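Data first, discussion second: the structure below is written as structure tokens.
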Amino acid sequence: MTDVRYPFTAIVGMADLRLGLLLNAVSPAVGGVLVRGEKGTAKSTMVRALAGLLPSIDTVPGCRFSCDPASLDQSCPDGPHTPAGGDSRPAYLVELPVGVSEDRIVGSLDLERALAEGVKAYEPGLLAKAHRGVLYIDEVNLLQDHVVDLLLDAAAMGRSYVEREGVSVRHAARFLLVGTMNPEEGELRPQLLDRFGLTVEIAATREPDERAEVVRRRLAYDADPDGFAARFAAEERELAERITAARELLPSVLLTDVALRQITAVCAAFEVDGLRADIVMARTAVALAAWEGRTEVSEQDVRKAAQLALPHRRRRNPFDAPGLDEEQLDRTLDEHAEGPEDDGPDPDGGPDGDGGGAPEPQGDAPDGSTAAEEPAGEPELPSQAQGGGSKAPVASAGEPYRTRLFKVPGTGKGAQGRRSPAETDGGHTIRSRRPQGQLSRLHLSATLQAAAPHQAARGRDSRALVLRKDDFREQVRQGRESNLVLFVVDASGSMAARQRMTAVKGAVLSLLMDAYQRRDKIGMITFRGSGAELALPPTSSVEVGAARLAQLPTGGRTPLAAGLLRAHETLRVERMRDPHRRPLLVVVTDGRATGGKDALPQAGRAAGLLAAQGVASVVLDCESGHVRLGLAHTLAAQLNASAVTLDDLRAEGVAALVHAHRPSSASIRKAA
């Protein structure tokens with residue numbers, strides 16, 4: 001393995017990503033970069049290459065926290081330091097693993113020594129190592145929310161805090177924060193998106209010549225890393241010198257009143273929440289001017305700053321893609337290019353476009369669409385719509401709404417979320433236990449109770465307790481976990497009757513929104529015609545689920561058993577991949593089964609298989625009309641689940657917002 005980094009200047013294309021990283025290298029106060037893009041687009045390669053361009057730093061000899069000898073941190077845990085010469089070293093690039101723990105990030109205290117000996121023994125974490133360097137989080141969207149919160153808080157405050165039972169340690173943690181993510185694997189929630197200063201969307205070029213050059217350079221690097229790096233050494237050195245020069249020029253750059261007014265007007269026009277966007281835009285515009293060697297912010301700096309700082313703050317709901325209306329941006333900049341003189345004292349600030357804007361284009365099909373009328377109330381469509389050659393009709397989705405809360409019974413141990421009860425790192429303390437591994441959450445009263453009966457035997461002769469390792473107890477906390485919500489959606493001809501599928505898609509879309517808010521993973525199985533299909537393998541990307549739902553066609557027979565068996569197989573595989581994430585099965589059907597001989601008995605046997613595994617399930621009963629067969633309720637009984645009608649799904653339509661599923665004691669014992 002070679003330690004030679006791929007040169008930053010050798011990377012082909014991706015101008016916005018290149019600029020976003022360089023601006024943060026010039027001014028880390030911009031707040032970092034979130035890089036969104038498909039897999040295989042050199043996101044990680046470019047971030048690692050950037051670290052080699054950063055100027056070397058001087059550190060206090062022997063300090064584990066990289067203190068600057070020119071500006072000593074008197075609160076450093078390794079201090080106090082005395083003014084002296086420093087050691088020069090390159091800025092570190094610290095990469096954060098996806099499964100990293102909180103203690104590994106912020107460091108940990110040895111609580112046993114702190115209590116028994118009164119010694120504050122602290123082991124620094126990754127934030128201490130990243131101080132004055134680069135902290136790189138690959139697949140940031142796959143980290144647990146509380147870990148991302150902790151990282152972004154440290155990045156915003158420039159300090160890291162460790163608090164354990166009244167013992168606290170704090171140290172400087174200023175770093176260039178870079179996160180990468182593939183949106184198909186799940187989104188960050190808006191509060192976390194807002195904490196990243198800039199965002200850049202990237203995709204692989206579709207230009208054959210440019211792709212060929214990418215491959216050519218990569219093969220040359222793999223064959224001779226040292227020789228390849230030498231080809232770009234002069235360009236790398238020139239770029240590093242430019243970063244240093246821009247850093248030195250940065251304090252001299254003037255942000256004029258006109259430029260500041262343009263920044264605030266743009267943020268107001270795009271209706272971003274809070275004032276962080278204004279501050280980030282101002283810092284970015286100043287960094288842009290310094291990067292270009294100018295001492296005054298121009299309108300083009302403001303425009304580019306908006307393109308980098310605002311798209312990820314424009315999302316109004318989980319299914320909106322990040323983006324910026326370029327025409328609205330230009331119009332706002334033009335309106336405020338001359339300053340406020342012409343407007344006079346305008347308390348209202350002027351109208352903002354045409355008031356309503358267009359944040360959510362509505363694409364609902366008219367109710368009288370001919371494709372949706374084809375079923376004509378019959379339980380099935382003719383064979384031409386079973387998914388073969390002819391085009392099956394696609395119904396639009398109804399408007400989403402707030403749904404009831406469905407949760408998995410019992411107490412799990414999955415990743416923190418907002419759905420089902422679980423033992424988690426957060427939440428309230430419910431009991432104590434002997435430590436499992438390194439002690440991190442001391443249960444003080446339980447520890448004292450365990451040690452108290454043995455004090456005489458241990459020869460206690462002072463006011464201090466005599467503690468042994470076996471006395472220590474840790475807290476067990478109960479919070480809520482995220483689950484795997486697996487949708488099994490009936491897309492047969494009977495579901496298309498009387499515009500039923502529009503209401504069904506609206507219901508599933510609402511449940512997808514609920515899953516997004518509760519940090520769940522989702523999956524989707526559809527069944528129609530002659531079989532079932534895993535339309536969406538389990539993922540954290542609710543946006544992909546919404547897109548697949550919108551494209552879902554209807555028609556053909558109803559192979560209910562095939563859908564349930566496919567669900568059983570999918571959950572079996574996911575149980576091996578992620579054993580702590582408990583599933584919630586949501587079957588969306590009217591309960592009919594017409595896919596072959598003995599279709600209903602086969603569906604019952606498949607449902608019994610899921611019930612025997614203790615899978616928590618909900619049946620969303622889509623049957624409508626005055627005459628009802630009640631087949632969905634029969635299926636719910638076979639699944640040992642609850643049946644909920646479309647009307648009862650709405651949260652505002654029920655008295656109890658929490659719906660508990662109570663499987664039989666036999667199925668609970670089987671699952672355990």
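The values are calculated or read from the model by the stated rules, or taken from the named source; none is laboratory data. It should be emphasised that the depicted structure is a prediction, and the values quoted were computed from it without experimental measurement. Backbone-built Cβ (ideal geometry, glycine too); neighbour counts: all protein chains shown. Ligands, DNA and RNA are excluded from the accessible area calculation, which covers all protein heavy atoms including side chains. Shrake-Rupley method; radii C 1.70, N 1.55, O 1.52, S 1.80 Å.
Descriptive notes on the structure:
- The sole residue among GLY630, GLY608, GLY545, GLY596 that is more than 29 Å from GLU185 (Cα to Cα), in contact with a Leu (Cβ under 9 Å, 6 or more places away or on another chain) and of a type outside the set (D, E, K, R) is GLY608.
- Looking at the range 142-248, the helices (runs of 4 or more DSSP H) lying wholly inside it that each contain 1 or more residues that are of a type in the set (Gly, Ala, Ser) sit at 145-157, 208-223, 225-231.
- Of the candidates GLY604, GLY595, the single residue that is in contact (Cβ under 8 Å) with a residue 12 or more places away in the chain, in a loop (DSSP other than H, G, I, E, B) and either touching a helix residue (DSSP H, G or I) at 6+ places or on another chain (Cβ under 9 Å) or surrounded by fewer than 21 Cβ atoms within 10 Å (Cβ to Cβ) (or both) is GLY595.
- Filter pass, VAL258 being open to solvent by 20 Å² or more (accessible area, probe 1.4 Å), farther than 22 Å from ALA309 by Cβ and in contact (Cβ under 8 Å) with a residue 40 or more places away in the chain: no
- Single condition ALA212 does not satisfy, out of (1) modelled with pLDDT of 85 or more; (2) open to solvent by 90 Å² or more (accessible area, probe 1.4 Å): (2)
- ARG402 fulfils the conditions (1) among the basic types (Lys, Arg); (2) more than 19 Å from ARG575 (Cα to Cα); (3) in contact with a Lys or Arg (Cβ under 6 Å, 6 or more places away or on another chain) except for a single criterion, (3).
- Contact annotation: residue pairs with Cβ atoms under 7 Å, 6 or more positions apart or on different chains, pairing a residue in the range 444-464 that is touching a residue at least 60 places away in the same chain (Cβ under 8 Å) with a partner that is outside any helix (DSSP H, G or I) and open to solvent by 60 Å² or more (accessible area, probe 1.4 Å), are LEU444/GLU165.
- From the list ALA546, ALA507, ALA515, the one residue that fits, being outside any loop (DSSP other than H, G, I, E, B), in contact with a helix residue (DSSP H, G or I) (Cβ under 7 Å, 6 or more places away or on another chain) and open to solvent by 10 Å² or more (accessible area, probe 1.4 Å), is ALA546.
- Filter pass, GLU623 being part of a helix (DSSP H, G or I), among the acidic types (Asp, Glu) and within 22 Å of VAL508 (Cβ to Cβ): no
- Of residues in the range 188-207 being open to solvent by less than 30 Å² (accessible area, probe 1.4 Å) and under 11 Å from the mean Cα position of the chain (by Cα), the one nearest to ALA546 (Cα to Cα): LEU188
- Neighbours by Cβ (under 8 Å, 6+ apart or cross-chain): first from the range 508-526, at positive phi; second part of a strand (DSSP E or B): ARG519/GLN416; ARG519/GLY417; ARG519/ARG418; ARG519/ARG419
- Test: PRO453 is at pLDDT 80 or above, more than 30 Å from LEU536 (Cα to Cα) and touching a strand residue (DSSP E or B) at 6+ places or on another chain (Cβ under 7 Å): no
- Note on the range 549-592: among residues that are among the charged types (D, E, K, R) and outside any loop (DSSP other than H, G, I, E, B), the one that is most open to solvent (accessible area, probe 1.4 Å) is ARG577.
- Between PRO322, PRO366, PRO361, PRO345, the distinction of being within 30 Å of GLY186 (Cβ to Cβ), open to solvent by 80 Å² or more (accessible area, probe 1.4 Å) and either out of contact with any Gly (no Cβ under 7 Å at 6 or more places or on another chain) or at pLDDT 90 or above (or both) belongs to PRO361 only.
- The set of residues in the range 402-445 that are within 20 Å of ASP648 (Cβ to Cβ) and out of contact with any Leu (no Cβ under 8 Å at 6 or more places or on another chain) comprises ARG402, PRO409.
- Residue selection: ASP278 satisfies the criterion of being open to solvent by less than 50 Å² (accessible area, probe 1.4 Å), free of Cβ contacts under 8 Å to residues at least 24 places away in the same chain and either basic (Lys, Arg) or closer than 25 Å to GLY323 by Cα (or both).
- Residue, modelled with the lowest pLDDT, within the range 69-89, restricted to residues that are exposed (fewer than 12 other Cβ atoms within 10 Å of the Cβ) and of a type in the set (A, V, I, L, M, F, W, C): ALA84
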